[in-house]
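To start, the structure under review is shown below, and the notes come after it.
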Amino acid sequence: MQLQQITILGATGSIGMNTLDVIARHPQRFQVYALTADRQWERLFEQCRQFNPRYAVLVDVTAAEQLQAKLKQFGLSTEVLQGSAALEQVARAPEVSIVMAAIVGAAGLKPSLAAAQAGKRVLLANKEALVMAGRIFMQVVQEHGATLLPIDSEHNAVFQALPRDGNGDLRAMGVRRILLTASGGPFRTTPLAALAQVTPDQACAHPNWVMGRKISVDSATMMNKGLEVIEAHWLFNASADQIQVVIHPQSVVHSMVEYVDGSVLAQLGNPDMRTPIAYALGFPERIDSGVAALDLFQIARLDFEVPDTQRFPCIALAYMALRAGGTAPAVLNAANEVAVAAFLEQKLPFQSIAAVIEHTLAAISIGAVDTLEQVVAADTQARHVAREQITRSQALC
Ligand code: NAD
Ligand code: MG
């Protein structure tokens, strides 16, 4: 078996660590070429010690210096690179065949795109890249012969339930709808009046999944599902009307595909990201992920509910942005990132996240997306408008 070299963008995050956990189970298959992080150099050092990659990349200068010193002290040969350009360098490297794109937020767009441009097998966790620049991303994948495999559990489930040789035409495949499941997050049943006071720690305490803080807040507002609707649109060539969100509190059915003959194909499993990660790493083979077998007797029941759009206005905002097209999803994503960061810093109440996004979408005129520059410009403008709106709302408090 040929050893495959892997770059993990966002190695110190929740997806990055789960990826390393799977890789460690298959030393004859995978070798780590590069690990990257923003500034968490201590965790990156431990990962270098265990996986001995050729490169470690840190965006932050001071963190890079600290990692370098520590590696030297321990006599490790990993070379440290610093800065955002280095993320693209290790994503493109000719030795690398697989890139795990697991940076959170818009920061992941350029390095994920670099991996696609270099024709890699791209395991995409960084959904924000597709939300912002789906048209460009899918075009680059096609033009450069890259293989795009979704890591998001829902999209991985849909990918598994679709015909493998489908040509991207849902109608021709006999698909009627994609049913994206959603747990409903930690506030599915919280009294509406209590939502005004919820704290970042409460929002990050997801009932079924352990994840980074940004995506945890997105799950609490259900913007995560909104972003995933847009992600599904690009990945599966599905219109907004062909994507239905289904609340499923147990997070056992990871999503479903409904066919015209009445069949519904679902993928089930324990809520553990190592399953979709292992599926994409080994594809088309199935490899061990370390995930426990699903115990249906213990789960006993599976529930399904209609999403409560009053409680979760972010879902409607995402559908609106998808239907508007052009730069609207990039604006939605940028406003969301700014609002979530402000909420996590306790500068914005939970329910104002949706209000900031709505205001930003209304304030900016939507343009076409033909180039990456247009996406970046829309992202910058939306961040500016969202920050101003947050400052204004603070002044009123
Ligand atoms: P996380 O916050 O745990 O980790 C983020 C990683 O990105 C870290 O390694 C961090 O150092 C790096 N990073 C952050 N900002 C950066 C920047 N400006 N430049 C370079 N690197 C930067 O996040 P996560 O939960 O692992 O999520 C990663 C991505 O995967 C997100 O897009 C998320 O939506 C998606 N995702 C996560 C899960 C999950 O279970 N955690 C599930 C589905 C999809
Ligand atoms: Mg998901």
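The values are calculated or read from the model by the stated rules, or taken from the named source; none is laboratory data. Quantities reported herein were computed from a predicted structural model and do not represent experimental measurements. Here the Cβ positions follow ideal geometry from the backbone for every residue, glycine too, while neighbour counts run over all protein chains shown. Note: areas computed on protein heavy atoms with side chains; ligands, DNA, RNA excluded. Shrake-Rupley method; radii C 1.70, N 1.55, O 1.52, S 1.80 Å.
Can you confirm whether the range 23-32 contains a residue that is of a type in the set (Val, Ile, Thr), touching a Phe, Trp or Tyr at 6+ places or on another chain (Cβ under 8 Å), in contact (Cβ under 8 Å) with a residue 40 or more places away in the chain and buried (at least 19 other Cβ atoms within 10 Å of the Cβ)?
Yes: the range 23-32 contains one or more residues that are of a type in the set (Val, Ile, Thr), touching a Phe, Trp or Tyr at 6+ places or on another chain (Cβ under 8 Å), in contact (Cβ under 8 Å) with a residue 40 or more places away in the chain and buried (at least 19 other Cβ atoms within 10 Å of the Cβ).
Would you confirm whether or not the range 211-218 contains a residue that is in contact with a Leu (Cβ under 8 Å, 6 or more places away or on another chain), within 16 Å of ligand 1 (Cβ to nearest atom) and closer than 30 Å to residue 300 by Cβ?
Checked the range 211-218: at least one residue is in contact with a Leu (Cβ under 8 Å, 6 or more places away or on another chain), within 16 Å of ligand 1 (Cβ to nearest atom) and closer than 30 Å to residue 300 by Cβ.
Return yes or no: is residue 237 under 23 Å from residue 291 (Cβ atoms), under 20 Å from the mean Cα position of the chain (by Cα) and either away from ligand 1 (no atom under 16 Å from the Cβ) or not assigned by TED's automatic domain parsing to the domain that holds residue 354 (or both)?
No.
Within the range 149-166, which residues are in contact (Cβ under 8 Å) with a residue 40 or more places away in the chain and either away from ligand 2 (no atom under 16 Å from the Cβ) or β-branched (Val, Ile, Thr) (or both)?
151, 158, 162, 164
How about the range 108-117: which of its residues are within 12 Å of residue 92 (Cβ to Cβ) and touching a strand residue (DSSP E or B) at 6+ places or on another chain (Cβ under 8 Å)?
111, 112, 115, 116
Over 22 Å from residue 334 (Cα atoms) and within 14 Å of ligand 2 (Cβ to nearest atom), is that true of residue 183? It would help to see each step written out before you state the result.
Details: over 22 Å from residue 334 (Cα atoms): yes; within 14 Å of ligand 2 (Cβ to nearest atom): yes.
Yes, satisfied.
Taking the condition of being of a type outside the set (Ser, Thr, Tyr) and farther than 15 Å from residue 180 by Cα, how many residues in the range 255-268 meet it?
Adding up the residues that qualify gives 3.
Please determine whether any residue of the range 229-242 is closer than 18 Å to residue 352 by Cα and small (Gly, Ala, Ser).
No, the range 229-242 contains no residue that is closer than 18 Å to residue 352 by Cα and small (Gly, Ala, Ser).
Inside the range 1-15, can you point out the residues that are more than 19 Å from residue 93 (Cα to Cα) and within 16 Å of ligand 2 (Cβ to nearest atom)?
13, 14, 15
Is there a residue in the range 148-168 that is over 20 Å from residue 283 (Cβ atoms), hydroxyl-bearing (Ser, Thr, Tyr) and either at pLDDT 95 or above or not assigned by TED's automatic domain parsing to the domain that holds residue 248 (or both)?
Checked against the condition, which is being over 20 Å from residue 283 (Cβ atoms), hydroxyl-bearing (Ser, Thr, Tyr) and either at pLDDT 95 or above or not assigned by TED's automatic domain parsing to the domain that holds residue 248 (or both), the range 148-168 yields no hits at all.
Would a scan of the range 92-113 turn up a residue that is within 17 Å of the chain's Cα centre (by Cα) and of a type in the set (Ser, Thr, Tyr)?
yes
Of the conditions (1) aliphatic (A, V, I, L, M); (2) part of a helix (DSSP H, G or I); (3) closer than 19 Å to residue 97 by Cα; (4) touching a strand residue (DSSP E or B) at 6+ places or on another chain (Cβ under 6 Å), residue 22 satisfies every one except a single condition; which number is it?
Condition (4) is where residue 22 drops out.
Specify which of the listed residues (180, 195) is touching a residue at least 24 places away in the same chain (Cβ under 8 Å) and within 16 Å of ligand 1 (Cβ to nearest atom).
When all the criteria are applied, what remains is 180.
Condition first: open to solvent by 20 Å² or more (accessible area, probe 1.4 Å) and farther than 29 Å from residue 140 by Cα. Can you find one or more residues in the range 373-385 that meet it?
Yes, that holds for at least one residue.
Can you name the residue in the range 204-216 that is more than 14 Å from ligand 2 (Cβ to nearest atom) and at pLDDT 95 or above and, of all such residues, is nearest to the chain's Cα centre (by Cα)?
So the residue we want is 213.
Residue 201 is checked against (1) at pLDDT 95 or above; (2) within 16 Å of ligand 1 (Cβ to nearest atom); (3) open to solvent by less than 50 Å² (accessible area, probe 1.4 Å) and fails just one. What number does that condition carry?
The single condition residue 201 does not satisfy is (3).
How many residues are without any contact (Cβ under 8 Å) to a residue 24 or more places away in the chain and under 21 Å from residue 147 (Cβ atoms) if we restrict to the range 59-88?
0
Of these, 102, 146, 114, 107, which one is open to solvent by 10 Å² or more (accessible area, probe 1.4 Å), touching a Lys or Arg at 6+ places or on another chain (Cβ under 9 Å) and hydrophobic (A, V, I, L, M, F, W, C)?
Result of the check over 102, 146, 114, 107: 146.
Here are some conditions: (1) more than 14 Å from ligand 1 (Cβ to nearest atom); (2) closer than 19 Å to residue 332 by Cβ; (3) buried (at least 24 other Cβ atoms within 10 Å of the Cβ). Residue 136 meets all but one. Which one does it not meet?
(3)
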